[in-house]
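> Pasting a structure here, questions to come.
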Amino acid sequence: MTPEPKSAAEEARPTPVERRNARLYLAGLGLSMIGDTALSLVAGIWVKSLTGSSALAGLTQTCIYLPSLFGPLAGLVADRVPRQCFLILVNLCTAIAVACLLLVDGEEDVWLICAVMAAYGASLVLIDPAESALFAHMFRPSTRRRINGLRLGMQETGRLVSPLVGAGLFTWLGGGAVALLDAATFVAAAAATSLLKPPPEQARLARARWRTEILAGAAHIRATPALARILVVAALIMAVSGVGVAAQYSMVAALHQPPGYLGVLAALLGGASVVASLASSRVLARTGPTRLALLGLAAFAAGSVLRAVPWLPAVWLGSFVLGFALPWVFLAALNAGQQLTPDHLQGRVAAATTLLLFGPQAPAQALGSLLIAHIGYRSVYLASAATALVLAAALVRLMRRSPHPEHPERTTATADEP
């Protein structure tokens with residue numbers, strides 16, 4: 001007797017192993033995220049309280065982000081080692097490094113905080129591509145869509161909650177307590193990773209020259225039009241968002257509100273980002289990555305226009321609408337990369353994507369600070385909206401010129417072929 005074929009809904013339903021892996025993955029991610037966000041904030045507060053220097057406090061953030069320059073090399077490592085074992089090792093080593101902050105006793109130990117933050121930043125650079133590659137290897141496209149949305153939703157929630165936890169714990173018990181919390185979360189992440197049951201990894205392909213190996217992720221993106229067009233548009237709109245960072249301070253001043261009022265707008269934007277992340281799985285299943293990116297660009301344009309209106313309710317609405325923009329564009333790029341990349345390139349494509357999306361943020365924000373000194377904030381927001389619409393039009397044109405299946409289930413074969 002021939003068994004009945006499974007329906008599309010049954011095919012999309014997570015298997016028991018996927019459910020177990022998803023629970024462990026999200027549990028480890030949630031704990032690690034709380035500790036990481038808290039420590040990155042508290043490191044600056046700690047240095048400021050020890051030295052009174054804002055410059056030295058800002059140096060801690062430089063130490064965290066400086067290792068990101070080595071992202072492509074980290075992507076190569078992620079594609080050349082057993083990813084699960086590698087993640088366990090890096091998490092445990094980072095826990096030991098962070099625990100060294102317990103030795104900080106005064107102003108003379110600021111160097112130790114900076115050194116640990118550099119090691120912490122290096123661990124994040126190593127973990128990101130390996131985790132992304134293992135994630136893409138463990139889950140089918142339908143499951144990845146759900147978990148990607150949940151993952152970003154947890155991260156956005158963490159950005160709202162973790163600073164309060166970190167600052168409160170620092171005020172109550174000091175920086176050592178925050179360091180212990182973060183070290184414990186890295187140990188928990190290592191434990192959760194050790195319990196995962198991913199499928200056997202494919203045999204590694206023959207190695208090429210080291211330069212070719214490192215740049216293989218970027219080469220794959222360039223050779224895959226359906227992926228390249230989304231990533232380029234996502235990188236440009238992320239840079240535009242960086243240009244607009246300085247404009248929000250002028251906007252609040254023009255509304256006759258104190259600078260602290262930005263916290264209210266940030267809460268509106270953050271709340272919308274959580275909603276957008278949780279809704280992304282259903283939207284992505286119906287639209288595909290390119291159309292999800294188009295929806296994000298439309299939200300960016302609408303939110304920017306509303307923020308240019310000198311009326312408080314319009315700015316509230318604009319902040320909420322903007323909360324949907326970048327999460328949807330980011331998730332479109334993330335899902336496209338995972339579904340259109342073979343397993344042996346997942347780490348390098350993830351590293352190249354991170355560098356492409358977040359590398360321009362610092363110069364973009366510097367450009368925004370320069371622009372706001374010469375033009376009004378409304379001009380910045382209106383120009384941002386116009387740029388988003390131009391990018392949306394270009395994306396539609398590229399999509400029509402080089403059509404590609406948009407739904408993940410239809411591209412699985414392409415994504416999984418070496």
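> Just ALA350, ALA366, ALA189 to compare: in a GNM of the chain, with alpha carbon springs under 10 Å, which one fluctuates most?
Most flexible of the set in this elastic network: ALA366.
> If you project the alpha carbons of the chain onto the principal axes, what extent comes out on each, in Å, largest first?
So the three principal-axis extents are 74, 51, 44 Å.
> Here is a follow-up. Connecting C-alpha atoms closer than 10 Å in a GNM of the chain, tell me which of ARG400, ARG307, ARG144 has the biggest fluctuation.
Its mean-square fluctuation being the largest, the pick is ARG400.
> I need the P(r) histogram for the stretch 211-416: all alpha carbon pairs, bin width 10 Å from 0 out to the longest distance, whole percents.
Per 10 Å bin, starting at 0, the Cα pair percentages come out as 9, 34, 33, 17, 6, 0.
> I need the phi-derived Karplus couplings for the stretch 306-319: 6.51 cos²θ - 1.76 cosθ + 1.60, θ = phi - 60°, integer Hz, Gly and Pro marked x.
Once rounded to whole Hz, the list reads 5, 5, 7, 7, x, 9, 4, x, 5, 5, 4, 5, x, 5.
> For the charge dipole of the chain, defined by +1 on Lys and Arg C-beta atoms and -1 on Asp and Glu C-beta atoms about the Cα centroid, which residue among GLY175, SER68, ALA285 has the Cα displaced farthest towards the positive pole?
ALA285
> Along the charge dipole of the chain, which of PRO129, GLY30, LEU326 sits closest to the positive end, that is, farthest toward it, with unit charges on the beta carbon of Lys, Arg, Asp and Glu (+1, +1, -1, -1)?
LEU326
> Short version: ³J(HN,Hα) in whole Hz for each residue of the stretch 248-262, in order, from phi by Karplus 6.51 cos²θ - 1.76 cosθ + 1.60 (θ = phi - 60°), x for Gly and Pro, what are they?
Coupling constants for the stretch 248-262: 5, 5, 5, 4, 5, 5, 5, 8, 6, 10, x, x, x, 5, 4 Hz.
> Would you mind checking which residues have amide H under 5 Å from GLY174's amide H? H placed 1.01 Å from N; only 5 or more apart, or other chain.
Those lying under 5 Å, H to H, from GLY174: there are none.
> Name the residue farthest towards the positive end of the dipole of the stretch 211-416 from the options ALA362, ALA223, VAL275, assuming +1 on Cβ of Lys and Arg, -1 on Cβ of Asp and Glu, about the Cα centre.
The listed residue farthest towards the positive side: ALA223.
> Any idea what the relative contact order of the stretch 15-194 is, in percent, if you count C-alpha pairs under 8 Å spaced at least 6 apart?
44 percent
> Still on this model: Using the Karplus curve 6.51 cos²θ - 1.76 cosθ + 1.60 with θ = phi - 60°, what ³J(HN,Hα) values do you get for each residue of the stretch 136-147, in whole Hz, with x for Gly and Pro?
5, 6, 7, 10, 6, x, 5, 6, 4, 4, 4, 6
> Right, another one. Quick one: work out Rg over Rh on the C-alpha atoms of the stretch 15-194, Rh as Kirkwood radius. Mind dumping the intermediate values first?
Numbers: Rg = 16.6 Å, Rh = 16.8 Å.
Here the Rg-to-Rh quotient is 0.99.
> For the chain, what is the relative contact order in percent, using Cα pairs closer than 8 Å and at least 6 residues apart in sequence?
Computed value for the chain: 24 percent relative contact order.
> Right, another one. Give me the dipole magnitude in Debye, nearest 20, for the stretch 80-147 about the Cα centre, with unit charges on the beta carbon: positive for Lys and Arg, negative for Asp and Glu. Kindly include the intermediate steps, with their values, before the conclusion.
Working: 6 positive and 6 negative charges, 198 e Å.
The calculated dipole for the stretch 80-147 is roughly 960 debye.
> Let me spell out the model: positive unit charges on the Cβ of Lys and Arg, negative unit charges on the Cβ of Asp and Glu, origin at the Cα centre of the chain. What dipole size does that give, in debye rounded to 20?
So the dipole magnitude of the chain works out to roughly 1320 debye.
> Where does the chain land at 222 nm, in deg cm²/dmol rounded to the nearest 500, when only DSSP H runs of n ≥ 4 count, each adding -39500 (n - 2.57), divided by all residues?
That calculation yields -27000 deg cm²/dmol at 222 nm.
> Placing unit charges on C-beta atoms (Lys and Arg positive, Asp and Glu negative, everything else neutral), compute the dipole magnitude of the stretch 211-416 about its Cα centre in debye, rounded to 20. Spell out each step's value before the answer.
Details: 13 positive and 5 negative charges, 87 e Å.
Dipole size: approximately 420 debye.
> Another question about this same structure. Among ALA177, ALA223, ALA239, determine the one that fluctuates most according to a GNM of the chain built with springs between C-alpha atoms less than 10 Å apart.
ALA223
Each value in this text was obtained by applying a stated rule to the coordinates, not by laboratory testing. Keep in mind the model is a prediction, meaning the values are calculated, not measured. Counting neighbours? That spans all protein chains shown, and the Cβs are built from the backbone with ideal geometry, glycine included.
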